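So the structure is just underneath, and the comments pick up after that.
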Amino acid sequence: MIKVAVNGYGTIGKRVADAVSAQPDMEIVGVSKTKLGSEAFVAKKRNYPLYLADISKKEIFEVAGIPIAGCVEDMIQIADIVVDATPGGVGKGNKPLYEKYGRKVIWEGGEDHEVAGFSFNASCNYAEAVDRQHARVVSCNTTGLCRIIHLIDAIFGVKKARATIVRRGGDPGDIKRGPIDAIVLNPVTIPSHHGPDVQSILPHINIVTSAMIVPTTLMHIHFLNMELERPATKEQVIELIKSHSRLGLIEKSTGITSTAQLKEYTSDLLRPRGDLWENGIFKDSISVLGGIDLYLFQAIHQEADVVVETVDCIRAMTGSAKSAAESIAITNKAIGLIAIR
Ligand code: NAD
């Protein structure tokens with residue numbers, strides 16, 4: 001069993017912990033918190049040993065009935081690999097601690113590529129992650145872009161890609177984030193960081209992205225255009241998308257035309273937390289104009305898509321699956337990911 005520690009048991013960390021626990025070849029040896037809150041009670045219910053970034057707070061947790069197994073440094077020592085899911089920018093400060101004990105580390109997309117020196121997406125570059133010491137699972141938006149662009153590029157060639165990203169303002173539990181009543185250009189300048197981030201995995205792709213933040217928490221929406229090297233039909237693109245286990249297709253007959261209805265759908269499907277781990281591509285939006293100009297809308301659930309990639313990254317870095325296909329199949333089966341069609 002691969003011993004996994006999750007440093008930072010928040011939006012992403014708690015999902016990674018549950019997905020890891022569901023895998024037949026992995027176990028959670030610890031998760032960490034900074035402050036007492038509801039997630040600490042959930043960790044206790046799930047029997048995840050809880051460690052603290054600041055051990056001087058031990059008593060506060062114990063008075064609330066939550067046993068503390070030790071400090072983060074103790075947790076690092078008993079793990080084969082650490083998933084650092086601390087808030088963006090915090091993770092790089094933990095690097096010396098991981099290096100002190102020679103631990104393999106996965107950072108999430110809030111850290112810069114340079115922290116790990118290697119950025120990961122299971123569909124695109126699994127083989128390059130094998131036996132690595134450090135990796136970064138790219139952000140939710142970059143993950144969603146990489147999955148579809150890589151697939152289309154492999155068959156039809158992508159001459160250039162252009163994406164407009166409508167970003168959620170915060171996660172559902174983030175009561176302090178906004179905007180409440182604005183559309184915020186984020187950034188005003190073009191390109192947004194997402195294009196260069198895609199190139200950290202697919203360096204040859206000519207891509208420009210722009211982004212804005214809107215007052216919603218559920219998901220992001222991408223409007224994606226790819227100019228193809230070789231002609232394609234809409235039907236060929238749909239068949240190709242169906243061949244990818246992490247690209248979902250939203251049919252017109254579901255009546256779903258919004259992130260709200262999509263979230264309701266995944267909740268009704270009894271997905272944990274209503275998570276959409278796959279890209280939610282609106283089938284009717286897929287258009288190929290003049291045979292080479294491909295357009296589509298896709299929904300990206302910010303809290304979920306990177307979770308399955310993180311599990312595959314663990315398998316790649318520990319050399320415990322023969323191929324991306326094998327790891328992806330194990331991960332998907334363990335959590336019940338059958339892409340929506
Ligand atoms: P979060 O704020 O929800 O959770 C972070 C957790 O880390 C909290 O539980 C906090 O208590 C803990 N923490 C803070 N400082 C710590 C420290 N020094 N040591 C140990 N734990 C500490 O953050 P998140 O949204 O889960 O983001 C985690 C990472 O995942 C970031 O890199 C982020 O950019 C990335 N990411 C987030 C999303 C998203 O939409 N939430 C999507 C994709 C990637």
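Can you pull out every residue in region 49-80 that is β-branched (Val, Ile, Thr) and either touching a Cys at 6+ places or on another chain (Cβ under 9 Å) or within 12 Å of the ligand (Cβ to nearest atom) (or both)? Don't jump to the end; show me each part of the working.
Taking region 49-80 first, the residues β-branched (Val, Ile, Thr) are 55, 60, 63, 66, 68, 72, 76, 78.
Selection gives Ile55, Val72, Ile76.
Within this structure, Arg167 passes the test of being open to solvent by less than 60 Å² (accessible area, probe 1.4 Å), in a strand (DSSP E or B) and not aromatic (Phe, Trp, Tyr). Note on region 50-97: residues that are part of a helix (DSSP H, G or I) and open to solvent by 30 Å² or more (accessible area, probe 1.4 Å) total 17.
Within region 115-128, if we keep just the residues that are more than 19 Å from Thr331 (Cβ to Cβ) and among the aliphatic types (A, V, I, L, M), the residue that is nearest to the ligand (Cβ to nearest atom) turns out to be Val115. When region 260-294 is examined, which residues are found to be assigned to a helix (DSSP H, G or I) and open to solvent by 10 Å² or more (accessible area, probe 1.4 Å)? Answer for region 260-294, where residues must be assigned to a helix (DSSP H, G or I) and open to solvent by 10 Å² or more (accessible area, probe 1.4 Å): Ala260, Gln261, Lys263, Glu264, Tyr265, Ser267, Asp268, Pro272, Arg273, Lys283, Asp284, Ser285. Among the residues of region 98-144, those identified as part of a strand (DSSP E or B) and either more than 25 Å from Phe223 (Cβ to Cβ) or at pLDDT below 95 (or both) are Lys104, Val105, Ile106, Trp107, Phe120, His134, Ala135, Arg136. When Pro203, Pro179 are screened for being more than 28 Å from Val16 (Cβ to Cβ) and of a type outside the set (D, E, K, R), only Pro179 passes.
Looking at Asp112, Asp131, can you tell me which residue is more than 8 Å from the ligand (Cβ to nearest atom), touching a residue at least 60 places away in the same chain (Cβ under 8 Å), open to solvent by 20 Å² or more (accessible area, probe 1.4 Å) and of a type in the set (D, E, K, R)?
Asp131
Anything in region 81-95 that is within 11 Å of the ligand (Cβ to nearest atom) and farther than 11 Å from Gly30 by Cα? List them, or say none. Full working, then the answer.
As a first pass, look at region 81-95 and keep what is within 11 Å of the ligand (Cβ to nearest atom): 82-94.
Asp84, Ala85, Thr86, Pro87, Gly88, Gly89, Val90, Gly91, Lys92, Gly93, Asn94 - these are the residues of region 81-95 that are within 11 Å of the ligand (Cβ to nearest atom) and farther than 11 Å from Gly30 by Cα.
The values are calculated or read from the model by the stated rules, or taken from the named source; none is laboratory data. Bear in mind the structure is a predicted one, so any value in this text is a computation, not a measurement. Here the Cβ is made from the backbone with ideal geometry for all residues, glycine too, and neighbour counts use every protein chain on show. Heads up: the accessible areas ignore ligands, DNA and RNA and are worked out on the full protein's heavy atoms, side chains in. Shrake-Rupley method; radii C 1.70, N 1.55, O 1.52, S 1.80 Å.
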